[in-house]
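Just below is one structure, and these are the notes that go with it.
The values are calculated or read from the model by the stated rules, or taken from the named source; none is laboratory data. The shown structure was predicted, so the numbers you read here are calculated from the model rather than taken from an experiment. Every residue, glycine as well, gets a Cβ built from its backbone with ideal geometry; the counts of neighbours run over all protein chains shown.
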Amino acid sequence: MTYEHAAAFAQTSGLVYFVVIFAAVCLYAFWPRNRVRFDAAAHLPLIED
């Protein structure tokens, strides 16, 4: 295995890894069950003590 093959494999696998992580974060953020939690967190700065 040459350096070029190893570098190409590392770049491709790194890209796939980060795309999967990005998709998982997007799914978590837009999952309907999490809406109540995120809405409550969004209104925290507006609540007066």
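Every condition in (1) surrounded by 10 or more Cβ atoms within 10 Å (Cβ to Cβ); (2) outside any helix (DSSP H, G or I) is met by Glu48 except one, and the failing one is (1). Taking Ile47 as the residue in question, decide whether it is out of contact with any Asp or Glu (no Cβ under 7 Å at 6 or more places or on another chain) and modelled with pLDDT under 95. It is true that Ile47 is out of contact with any Asp or Glu (no Cβ under 7 Å at 6 or more places or on another chain) and modelled with pLDDT under 95.
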